[in-house]
Each structure stands twice: as C-alpha cells, then as structure tokens.
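Asker: Would you mind keeping the following structure in view while I ask a few things?
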Amino acid sequence: MNRVVHPIEQESFRRLRTRLDTSHFPPLTRAVVERVIHSAADLDYAADLVMAERDLQGAYRALHSGAPVVVDVEMVAAGITRRDTVCRLEDARSGPGLTRSAHAVRLAYEDVGPGAIWVVGCAPTALEELLTLNADPALVIGLPVGFVGAAESKAALRESGLPAVSNVSEKGGSAVAAAALNALLYHPTSYEEKP
C-alpha cells in the first residue's frame, strides 16, 4: 500500500531543501536526516546525526522483512506509523541499580530476541541497558534526550560498533527517534541498494 503524502508535508520538505542541501547524502541517510529535521524543525541535526548507509541498508531489509520494532516509551510508539511496536515499560519495575526503563529493555528482549530494531528516544538508561545485552540488533536508533546521561549513552552506542543512528549532542527525544524509524518505513520499497 502506497503512502499518500499530504500537501503540507510536501511543502514542508520543499522548504527544508531550500534551506539545506541534502543531495550529497546517500539515499537512506538523506531520508533519515530530512525526516529528523522535519520532525524538529532543527537544521542542526544535519551535522549532529551519526549513521552509516550500510547499517541503514541492513535495517531497511530487516524492517521490510518484518523484524520487530522495540521502543523505550509509548511516546515513541505513538510517533511510529504503519508498524506495530513492542514497549514493556508498563510492566517494568525499578529496583536497586535498575531503572524502570532498563527493566523494560530486559523484558522486551525476552519477547523479541536478536535481530530487532530498537528505538530509544527518551531514557538514556534504556540505551545503556541495551548495550549490556547480547541483543544482536538489526539497528539501534539511540536518540535519548537530556542533560544527564543522554550524550554519554549515545557515545557508548557509537563505541559499541552496533549498527546505529545516534547524535552527538544532548538533543533527541521521542519525535526525532520515531522520525528516524519512519524514514526507513516510508522509503519506497522499490529502493535498490547500490554497493
């Protein structure tokens, strides 16, 4: 089923492209950069986001082959359209040395196992916990927001060598994390990778 793009969205992307040249990015990277910028109206994401086209290609294949999508909070889930997600935050409990968000990651991993796409837009501790698991993800979209632990958790994600989308600053949040995933969902299924 083809996605119908509303004229306001079309105009918004047209205006974005008049302010920022994204034509030098590879196709999936460009899609993620543009959709994240669109979600936040923040052109600085073009220089702040970190990702590799090869990782996005693998995630694209996994996503369109039915890989589960796990989110850290319902706000991220609410922003992801055209796809069901797994969020175990409601069932999670905090304890000594364990936040609710970290426990939710453990519970979700028990549900989905390896090969999932993880979308973290709120809790740095969720991203930190994911990095302690042998989750073998298809992709980690790690874009938690905040002044405590957000930039550090994203740096740890980049250092882990896992396929990922992250950013360098404290910026992030549910809307931009969902936008990054939606960029891969919305990209045409006729897309052909170039080696």
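Asker: Which whole-number percent gives the relative contact order of the chain, counting Cα pairs below 8 Å spaced six or more residues apart? List each step's numbers first, then the result.
Answerer: Numbers: 358 pairs, mean separation 47.6, N = 195.
The normalised contact order for the chain reaches 24 percent.
Asker: Using modelled backbone amide H atoms (1.01 Å from N, in-plane), which distant-in-sequence or interchain residues come within less than 5 Å of residue 173's amide H?
Answerer: Amide H neighbours of residue 173, under 5 Å, 5+ apart: 145.
Asker: What is the distance in Å between the Cα centres of the range 129-190 and the range 5-50?
Answerer: 18
Asker: Right, something else. Quick check on the range 38-90: take the gyration tensor over C-alpha atoms, sort the square-rooted eigenvalues as a ≥ b ≥ c, and tell me if it's rounded (a/c under 1.5), prolate or oblate.
Answerer: Verdict is oblate for the range 38-90.
Asker: Calculate the dipole size of the range 34-105 relative to its Cα centre from +1 charges on Lys and Arg beta carbons and -1 charges on Asp and Glu beta carbons; express the result in debye to the nearest 20.
Answerer: 320
Asker: What base-10 log of the normalised intensity I(q)/I(0) is obtained for the range 1-159 from the Debye formula, alpha carbons as equal point scatterers, at q = 0.11, 0.17, 0.21 Å⁻¹?
Answerer: Log-scaled intensity ratios, in q order: -0.47, -1.09, -1.50.
Asker: Now for a separate question. If you roll a 1.4 angstrom probe over the protein chains with everything in place, what fraction of the accessible area of the chain belongs to carbon and sulfur, to the nearest %? It would help to have the intermediate numbers written out before the result.
Answerer: Working: 5160 of 9800 Å².
Within the chain, the accessible surface is 53 percent carbon and sulfur.
Asker: Please work out the average accessible area per residue across the chain, using the 1.4 Å probe convention, and give it in Å².
Answerer: Values: 9800 Å² over 195 residues.
On a per-residue basis, the chain sits at 50 Å².
Asker: Quick one: 3J(HN,Hα) in Hz for the range 172-186, Karplus 6.51/-1.76/1.60 with θ = phi - 60°, rounded, Gly and Pro as x.
Answerer: These are the phi-based 3J(HN,Hα) values: x, x, 4, 5, 6, 5, 5, 4, 4, 5, 4, 4, 6, 5, 7 Hz.
Asker: Same structure again: Counting Lys and Arg as +1 and Asp and Glu as -1, each charge on the Cβ, what is the dipole of the chain about the Cα centre in debye, to the nearest 20?
Answerer: So the magnitude is around 440 debye.
Asker: Starting from the range 67-151, pick out the trypsin sites (Lys or Arg not before Pro) whose DSSP state is loop and whose Cβ has at most 11 other Cβ atoms within 10 Å.
Answerer: 82, 93
The values are calculated or read from the model by the stated rules, or taken from the named source; none is laboratory data. Nothing here was measured: the structure is a model prediction, and the numbers come from that model. Glycine also receives a Cβ, built like all others from the backbone with ideal geometry; neighbour counts cover every protein chain displayed. Areas reflect the complete protein model, heavy atoms only, side chains present, ligands, DNA and RNA absent. Shrake-Rupley method; radii C 1.70, N 1.55, O 1.52, S 1.80 Å.
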